[in-house]
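So the structure is just underneath, and the comments pick up after that.
The values are calculated or read from the model by the stated rules, or taken from the named source; none is laboratory data. Only a predicted model underlies this, so the values are computations on that prediction, with no experimental measurement involved. As a convention, Cβ positions derive from the backbone with ideal geometry for all residues, glycine included, and neighbour counts pool all protein chains shown.
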């Protein structure tokens, strides 16, 4: 990040890893600052990894519906059925890694069903480390590129720490290792691809192009979105170098095809016609066209064939494999649906996504607006020429998700890389007298947009506190640096407490005061220290305040994780294994088919028990089932029995159970057969 270099004597020495490992015979007075920087860098790395480990440990017994599907796919690795990894919805790299981990730990307790979810979190923690390494590569390449632009921030001690804080805060807040999804793999692939692009900017050679193609190819195997995104990145490469880079483009494309082409061929062979996957199609018809997704409150219509009106909402999944067939193969339930265009629905989705972005990225948006406001038009043009090969794909990635479905974990690599490159490429210039006005206007506009269009009021508190702290720091920093930092923190805390409690009608006044304060503070600092120093002080303060705001979000999540670990409640109990074990003791053992009066997406116990859900009554219809008379309940049981279910499991179960039901941990079970269901 663009933070003033640390002076360690008469001159500033770039504290790069190469410099830090320099001549051991150097005088101690030049070696000590380097050693101190290395110690702080290592401490920052360790702190981030420890926070990631804490989040993983807190969620060790939890798994998402996606995680269950990936575990089901990983069974193919243990059984040697490589074709079992092929799915037009799920990508193969994540379940492959889970399967390999299960093989590697087969001799340990982690390989037992009781600890299977914990093993997935071990894999995720390793992937977090991989994404961290890829981000460090991006930082190294960005530092070298920025040095050519005259910006040495990333080779300074606190500049490198700021970059680590950006990665740790954004990743831990939006894509922590506690989520059993392949997003950390995608993060690593994107960071590596961006680093390769920067490397190619300085050295256009085939080996660097090979790194880019391989990074994008591995990304395709991690997530289907990376296939069109890879084409965009290759297009950026072609646009950047045109004819003089034909060899580089060819090498990158061939490397990418080596990874992606066999996967496309495998999907095509599995369904009998050419396909690039069904993920994009299904997500569009669910979240834009408004079709009922399989994980909605109602089951897909395809599951209700033959159930009649006996129990509305009852669904059957005959002749299917996996713990939850609904989510293991979503394309099965929507074979004929195709995306349709409706401008009104598309605009509604885009509006919702932009509201989400305003809320999610409020600190980064405020800091970015201030950086841009402090540069002139010429400086912004230079910054665009420097950063567009990274910023353009990041913007395209954010827009692509905004058009369909936005979740924080999808956006991490694009937001992180864009923030890093904007901070490095937008250089401070000697501003004109209008700098104070532009800074005040940037603060007011961003806060107003977040107040009018942000998703929730709660997330406006952080940027308001940032905006209030900036003028305090700028006014005081020429006199006493420590006092300015303390005063800015105190003001930020006071404003955050007030904004969190005051009525919404007060927000326009608070926004006006924040903008006016920024204007007055920059004008005052300009008089005291000059235009350049005032602009640099505001720039550094904005970046630091944004990072602090992100750290606050991570701190909240960490506090919740620590609280959960201290309590002896459900977080410390492996409730899914307890249910699976109780069912096994009652005869519902591995390989059995069951029906559920619950969401099949919350049936982690079925995965641990190696059970197959073949029928369900969703939670939205559960109360209707419990109110049925005995004859109708027997008829519903017959439908489940005909689908192969040996038992019906209700999690949770009502206080009063019908005859024949037996209680288990967290719910109840009813044993059924075709004979008894009549």
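For the reader, a short list of remarks on this structure follows.
- Any hit, the range 573-591, residues being assigned to a strand (DSSP E or B), touching a helix residue (DSSP H, G or I) at 6+ places or on another chain (Cβ under 7 Å) and either buried (at least 17 other Cβ atoms within 10 Å of the Cβ) or modelled with pLDDT of 90 or more (or both): no
- Summed over the range 366-387, residues that are surrounded by fewer than 17 Cβ atoms within 10 Å (Cβ to Cβ) and more than 23 Å from residue 441 (Cβ to Cβ) total 1.
- Any hit, the range 389-409, residues being in contact with a strand residue (DSSP E or B) (Cβ under 9 Å, 6 or more places away or on another chain), touching a residue at least 60 places away in the same chain (Cβ under 8 Å) and within 30 Å of residue 610 (Cα to Cα): no
- Hits in the range 318-337 (condition: modelled with pLDDT of 85 or more, in contact with a strand residue (DSSP E or B) (Cβ under 8 Å, 6 or more places away or on another chain) and either assigned by TED's automatic domain parsing to the domain that holds residue 74 or not in a helix (DSSP H, G or I) (or both)): 322, 323, 324
- Of the residues making up the range 103-127, those that are over 23 Å from the mean Cα position of the chain (by Cα), in a helix (DSSP H, G or I), free of Cβ contacts under 8 Å to residues at least 60 places away in the same chain and surrounded by 15 or more Cβ atoms within 10 Å (Cβ to Cβ) are 110, 111, 115.
- With respect to the stated conditions, residue 313 is at positive phi and either surrounded by 15 or more Cβ atoms within 10 Å (Cβ to Cβ) or outside the structural domain of residue 633 (by TED's automatic domain parsing) (or both).
- Residue under evaluation residue 35, criteria (1) over 17 Å from residue 558 (Cα atoms); (2) surrounded by 17 or more Cβ atoms within 10 Å (Cβ to Cβ); (3) over 19 Å from the mean Cα position of the chain (by Cα), criterion not met: (2)
- The single residue among 99, 80 that is surrounded by fewer than 17 Cβ atoms within 10 Å (Cβ to Cβ) and farther than 30 Å from residue 553 by Cα turns out to be 80.
- Just one of the listed residues (383, 373, 348, 344) is more than 26 Å from the chain's Cα centre (by Cα) and at pLDDT 90 or above, and it is 344.
- Residue check for residue 528: in the same structural domain as residue 437 (by TED's automatic domain parsing) and farther than 24 Å from residue 362 by Cβ: yes
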